[in-house]
There are 2 protein chains.
Amino acid sequence: MEATDTREALLDAAESLFAEHGVQAASLRAITQQAQANLAAVHYHFGSKEALVRAVFSRRVGPLNQERLRQLDECERTDGGVEEVLSAFIEPLLRVARQTPEGTRHFARLMGRSFSEPNEEVRTIVMEEFAPTIRRFVEALARRLPHLPESEVLWRFHFAAGAMAHTIACGHLLERYSEGLCRPGSLEDAQDHLVTFLAAGLRAPALSNHDRGEGA
Amino acid sequence: MEATDTREALLDAAESLFAEHGVQAASLRAITQQAQANLAAVHYHFGSKEALVRAVFSRRVGPLNQERLRQLDECERTDGGVEEVLSAFIEPLLRVARQTPEGTRHFARLMGRSFSEPNEEVRTIVMEEFAPTIRRFVEALARRLPHLPESEVLWRFHFAAGAMAHTIACGHLLERYSEGLCRPGSLEDAQDHLVTFLAAGLRAPALSNHDRGEGA
DNA sequence: GTCTATATAGCGATAGAC
DNA sequence: GTCTATCGCTATATAGAC
């Protein structure tokens, strides 16, 4: 009965400490201490630290991308535009960051950093879990941006993902540089600003065109 | 006479291994081995690993931002537009990534990841070294985007920085997801795509406006 | 300045009692 | 399932010969 409790506590503690100090720097001793569990519990429940890392990411990434695809389906059904497609990608992550009492907020920071995580295991998980989702979003955007060659859509979605990851992971920078003028902690604000910015970027004329300076 | 050679070799090796495995995961043993130096050399030349980390970043960040400000001055003199201001921010980093025979290419990846680096020392250095540069670029952009409140310019510059950092640090993702269609290794291409995308995003109507869908 | 040798501490992992 | 105790290893850091 304590079993799942301990398991969940370990996942929560690991998530929180991975987000704060990085995967490599968070020791099993620190994790088990924060989870009020024994050091050996990690190996009993997961087998190794690498397996724990995998479990921490797997627990969230699947549902996250599932929700994204659900919102994308809804968006296709209601014939939503570029803004709605972007929101379908962004909102689930911000929602996850917003809702849960503890742990999940940390996961948002962790996810924001996961693309550039040096740990190979993490990079592999993220890359493979995201591939089908990204493909579907790029297709949806390409259909709404017929003036762009596919490579251009891919470039621009890449930039959009970067802006999003940075916003989630590095809000402290904006808070500091804006001297309190922007409140990146308010994720609703962040989403509105992001969608406006990214939609305009996506709608820019194609690079190969020689005209410049107006949206679609 | 060997002194500066060893020192430089240590900085190059550290830069390269920090970029590849992260600051925490790169051991002094691996660094000194790659530099063909003795393990104790790090402590003789720098005093500690933390001091080495500081030296690795300091060596590049100052000149990088100096070049950015030089290009921004030039841009002001020639009355350049939003695109030119963005190029003044982006080009120096890509140039650094492009030119030097060894080491500096790694620094670009390291810099791209530095904003979200868990290591506190690194975050502090980056934040303080970048503050004056960012302030000047935000001012320059604000003057060219009079339809935007200052907070909006700050938000959008934040997004732009994220897209740039992601492009530098995570080119492998685009390479993978585009199945070879995009070549993020070509940094000239990356810059052209980035500037077009970001300029359009910056020119988007202000959030508070209720009209939508066209650039400035 | 460079080297060997070593101090000290923390890491992930495991065996085995309960 | 949980605990203690410990193994084997690697980390950073340092002392002292050359």
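All of the numbers you see were taken from the coordinates with simple rules; none came from a lab. This structure is a prediction, so every number in the text was calculated from the model and none was measured. No Cβ is skipped: glycine too gets one built from the backbone with ideal geometry, and neighbour counts run over all protein chains shown.
Given springs between every Cα pair under 10 Å in a Gaussian network model of chain B, which of B:ILE125, B:ILE90, B:ILE168 has the largest fluctuation?
Between B:ILE125, B:ILE90, B:ILE168, it is B:ILE125 that shows the largest mean-square fluctuation.
So what is the orientation-averaged projected area of the range B:1-113, using the convex hull of its C-alpha atoms, in nm²?
Dividing the Cα hull surface by four gives the mean projection, 7.8 nm².
Tell me the distances, shortest first, between A:ASP5 and the same position across the other copies, using label points 7 Å along Cα→Cβ, in nm to one decimal.
6.5
What residue among A:SER48, B:HIS147, B:LEU64 has its Cα farthest toward the positive end of the dipole of the protein assembly as shown, where the charges are +1 on Lys, Arg and -1 on Asp, Glu, each on the Cβ?
A:SER48
What is the calculated FRET efficiency for A:ARG59 to A:ARG183, with r their C-beta to C-beta distance and R₀ = 25 Å, to the nearest 0.05?
0.30
Determine the dipole magnitude for the protein assembly as shown: charges of +1 sit on the beta-carbon of Lys and Arg, -1 on that of Asp and Glu, nothing else is charged, the reference point is the Cα centre, and the result goes in debye to the nearest 20.
440 debye
Could you pull the copy-to-copy label distances for A:ALA51, with points set 7 Å along Cα to Cβ, in nm to one decimal and sorted shortest first?
Copy-to-copy label distances for A:ALA51: 4.3 nm.
Which helices of chain A meet both criteria: a Cα extent of 15 Å or more along the helical axis and a mean Kyte-Doolittle score no lower than 0.5, with helices taken as whole DSSP H segments?
A:82-99
How far, in nm to one decimal, is B:ARG98 from itself in the other copies if the label point is set 7 angstrom along Cα toward Cβ? Shortest first, please.
Spacings between copies for this position, smallest first, are 4.2 nm.
Using only Cα atoms, locate the centre of the range B:45-88 and the centre of the range A:123-182, then give the distance between them in Å, rounded to an integer.
Computed from Cα coordinates, the inter-centre distance equals 25 Å.
What is the range A:116-172 by shape, rounded, prolate or oblate, if you read a ≥ b ≥ c off the alpha carbon gyration tensor as root eigenvalues and call it rounded for a/c under 1.5, prolate for a/b larger than b/c, and oblate otherwise?
oblate
Name the GluC sites (Glu not before Pro) in the range A:116-188 that are in a loop by DSSP and that have at most 14 other C-beta atoms within 10 Å, would you?
Answer in residue order: A:GLU179.
So for the protein assembly as shown, considering every pair of alpha-carbon atoms, how many percent are separated by more than 43 Å?
Across the protein assembly as shown, Cα pairs with separations above 43 Å total 13 percent.
In nm, to one decimal, how far is the modelled label at B:ALA142 from the one at B:ARG98, with both set 7 Å along Cα→Cβ?
Between B:ALA142 and B:ARG98, the label points sit 3.2 nm apart.
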